[in-house]
Amino acid sequence: MKKLTVVTTALAIALIAPTYFAAQPARADECVYPSDFVEELDFESLADYAIYGDTRAYADDTRLYIISPDEYGDEYLNEVSCQYKITDLEYGDDGTLYLNTTSGVFSYSPSDTRLQSAQFDFENLTRIQTDEYLYALNAQTGALTGLDNLNEYTTIFEEGCSQLKEYDGSVYVINDGSVYMLDGTQPVEQPARYTDFSSSYHISTGDAADILAGGYNVRTVTIRSQTSDGGDTYYTKINLESIGETFDAQGTERLAGDRSALAIAEVGNATIVVMPDENGMSQSYITLTSAVENSEYTPPALDMTGAYARTRLTIYSRPYMCGATAIATVESGTVFTVSEKFNLQYLDGVYYRVTCTVDGEEISGFVINNLLSPYSFSSENQPEDSTGSEGFIYDNDVQTVIIVLLIILLALIAVGYVTFYLTRKNERAGRRRKPRRPDDDLYS
């Protein structure tokens, strides 16, 4: 019986263990930064397309989709609604987009987002001649063929083709709702991809609040423009004044080149970093940890080992002041032990790692330099009868000045009293010595 129990238990463990120890999916509340921000349009009824430089336009029923790159190369989608079904698209020489609809021709310009009534001659090609191939489109069957210089005939698509066009030396065609570029007689699909940063506004914070409030060792890093798996690096500006269920995102960009930063927390698959914004001010961002590499940093030499608070101040868990890193507030005059100094170019100031004791509790963190004044602990170890001034302490110095002023005041009072007493005594002696004036009528 015991053997049967052992065998049954072992079998159960063998069956359960692979499932238990398998990679678990990310929790709903875990911080997951998107690995990319590329989306793809899925057309219902693609009617036509047009290309102007790096800008592409697509007509799908009554919807117009325009994808164009920004200065960083990210391609943004602009959607335009048309009242009528669109049948043809083409760009003019000046970049104006013309739409042929079931109710006439309209024009669209990025500078004027309204559709305007216009005139334009649309050309529907069935043949395109290049240096190497003659492409022919059968408008009735939708078949597309290619004939090379050796008169070799190739069927590229047997049916479903429309809108044969040429842009900048390349030939394009629509087949079964997708755009293809022709590489010789090989069709290469051209997906309508664009950059969509909307997901960056819904990144769960996970346990970021607990991590940012905990202990910390300064970690300087380099953010690479390519992640370790070869993808583009994106970074999102976040406001860390308060942490809710999702980060307060304020915009996402693609990293154009490597940048130096201060890593202040790792959460989920992401790292929270501090680096300068477009105005050179210190700002917090979040990015993929796979794009972050440690960099060497040597703190400068300490210029003081003790300090006191010049005013009421906040201690932060990191050398970055925000609501999420604030851990304690202490009163003016609080004495600190200083252990490290940090002076990074992209921070808003010089920070000191300090330790103090408040109500019996030891608090360690970072304070910016302009809120501290140097403090020496040497006078606390002097004998009580010592009169040396080498151990300067702010409170002792004030007491000494008050005592000296009291002594001077008493001395002045004593001198004044003696002077007053001697003056009165001399006046009385002078009156006794003065001769009596003779009476003129004494012998009358």
Where a Cα-Cα gap under 14 Å defines reach, which aspartates and glutamates qualify for K237, not counting those fewer than 8 residues away within the same chain? D248, E253, D277, E278
Can you tell me the length gained on complete extension of the stretch E159 to L147, counting 0.36 nm per residue apart and subtracting the Cα distance? 2.6 nm
Hey, rough spin-label estimate for T130 and D207, points 7 angstrom out along Cα→Cβ, what's it come to in nanometres? 5.6 nm
Under-5 Å amide H pairs with T205, H placed in peptide plane, nonlocal only: T246, F247
Counting only protein heavy atoms and a 1.4 Å probe, tell me what percentage of the stretch 176-289's accessible area is made up of carbon and sulfur. 40 percent
Mind checking the per residue accessible area of the stretch 195-335 for me, 1.4 Å probe, whole number of Å²? 45 Å²
Subtract the Cα-Cα distance of E266 and S376 from 0.36 nm times their separation in residues, and report this length gain in nm to one decimal. 35.9 nm
If the chain between Q190 and T337 were fully extended at 0.36 nm per residue, the gain over the current Cα-Cα distance would be 46.6 nm
Dipole of the stretch 288-354, Cα-centred, from +1 at each Lys and Arg C-beta and -1 at each Asp and Glu C-beta, to the nearest 20 debye? 240 debye
Return the aspartates and glutamates within reach of K341: Cα separation strictly under 15 angstrom, same-chain partners fewer than 8 residues apart disregarded; answer none if there are no such residues. D303
Whole-Å distance, taken between Cα centres, linking the stretch 245-316 and the stretch 198-223: 10 Å
Enter the accessible area per residue of the stretch 46-160 (Å², integer; probe 1.4 Å; all protein chains in place). 58 Å²
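The values are calculated or read from the model by the stated rules, or taken from the named source; none is laboratory data. Treat the numbers as computed from the prediction; the structure is a model and nothing was measured. As a convention, Cβ positions derive from the backbone with ideal geometry for all residues, glycine included, and neighbour counts pool all protein chains shown. Protein only, heavy atoms only, side chains kept; ligands, DNA and RNA dropped before computing areas. Shrake-Rupley method; radii C 1.70, N 1.55, O 1.52, S 1.80 Å.
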